[in-house]
1. How far is helix B:130-152 tilted, in degrees, relative to the longest principal axis of the Cα atoms in chain B, given as a value from 0 to 90 rounded to the nearest 10?
2. Taking beta carbons within 10 Å but only from partner chains, what does the mean come to for residues A:96-105?
3. Based on alpha-carbon positions alone, could you give the equivalent ellipsoid semi-axes of the protein assembly as shown from the gyration tensor, as √(5λ), descending, whole Å?
4. Going by how many other Cβ atoms sit within 10 Å of their own, how do B:92, A:43 line up, fewest first?
5. Hey, could you pull the Cα Rg and Dmax for segment B:3-238, both in Å?
6. Could you tell me the ratio Rg/Rh of chain A? Both radii from Cα atoms, Rh via Kirkwood.
7. For segment A:77-147, place one equal point scatterer on every Cα, skip the solvent, and apply the Debye formula. What is log10 of I(q)/I(0) at q = 0.17, 0.18, 0.27 Å⁻¹?
8. Can you pull a Stokes-Einstein diffusion coefficient for segment A:157-231 at 25 °C (0.890 mPa s), Rh from Kirkwood over Cα pairs, as a whole number of µm²/s?
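Any read-out appearing in this document is the output of simple, stated calculations on the displayed coordinates, not a laboratory observation. What you see is a predicted model; the values in this text were computed from it and never measured. Glycine also receives a Cβ, built like all others from the backbone with ideal geometry; neighbour counts cover every protein chain displayed.
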């Protein structure tokens, strides 16, 4: 395990409002790190900063030892936005083929990831005619097609049925075991239990940086939902 | 610049267009129908049709590609695919050139079909080769694409993007000399006319159709069209931001 994402004193302002306040944290490879917090807590902004598409007001974000957004990271960091960003007027296979070529992935990888996200039978269908959950999986597949070292996934399992969610989380763990760094956001606490490590964000501040077990133990709560509530009521902080 | 990524982008844009059969049909059929209409409108006044026919033929691709590009690029921006692409190794130049190749290919088909109708069916005549007219039409298509790309940055919705056609392209068409000879325009209109790039696109077509000697002025017209295309592409590229607030 090495620290692959290093964030030091990160501050982000949007529209005159500070949405991330001096965040300092590190994310390691080999495990799945969950980024949790209510909607509007700054999860997406933090992920955008890691990928290097967010204008930051202060601080430093580095990924794999170089500043976030550096050209050499573009084929090593996979990013899945919250809203599926794929072409609705192309089929699943065409979307994957395009991203594979842009990312320089080997031929044949496209079909493998299509199968991995459970869309083999729909590979020839137009993405625009698919359900939200299916589109989200296409979007996820396009980020996985070149086996990136770092995966930043913004709510990748929203709108998916429980079986599919379990399968995808298993897949995330496989990728992590293979040495990848996974930063996965969610606003559902039951997904927090599937992460090795949790970063809890609230109003742009880091409320906790713990393992799920540690969080339960520290707050003496029955489940993670209650634990998060208790943390907030106690005024946050470690 | 990677030829592979550029070619992949061009192929992707063409696949998207190919899916949209109705748009393709409209791109090809509408200019032909309009040519027929103008031909009938000037029935019995052959000279007028000969004067406006060839430039019209060469300006259609500019209008179509302006519209298609501004909407396509707006979609790239609003669906998040643009932000996504800019996090990949694809460079802005590769993206723009990929788009350019795809739309130029469509423009070739469009210009060839309309030329066949114009020169073959309706008896239009150009003193220079029909191939030159088609080439100018393709250059105009790329100019229209570059304009469309640039203005797409200033539209938040598709409604706004389509309104840029009457706001941005129509005045240039009105003043380029197609409807009223520039020599007959009020002085201040003529000044404006020569500040607008479509005027040079029109002049190049007009000279290719009616001017036996393609002198320095023709090449100046061509240079202005190409120069404006590069400028608009550069400005458009500047609106593609990797980092946003």
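1. Compared with the principal axis, the helix lies near 40 degrees.
2. Numbers: counts 0, 4, 11, 7, 1, 9, 14, 5, 5, 0.
The mean count of partner-chain Cβ atoms within 10 Å per residue comes to 6.
3. Details: eigenvalues 585, 103, 63 Å².
In descending order, the three semi-axes are 54, 23, 18 Å.
4. Details: B:92 17, A:43 24.
Fewest-to-most ranking of B:92, A:43: B:92, A:43.
5. Values for segment B:3-238 (Cα only, Rg and Dmax): 17.8, 59 Å.
6. Values: Rg = 17.6 Å, Rh = 18.2 Å.
So for chain A, dividing Rg by the Kirkwood Rh gives 0.97.
7. With no solvent term, the Cα-only Debye profile gives -0.49, -0.55, -1.31.
8. Values: Rh = 13.3 Å.
Result for D is 185 µm²/s.
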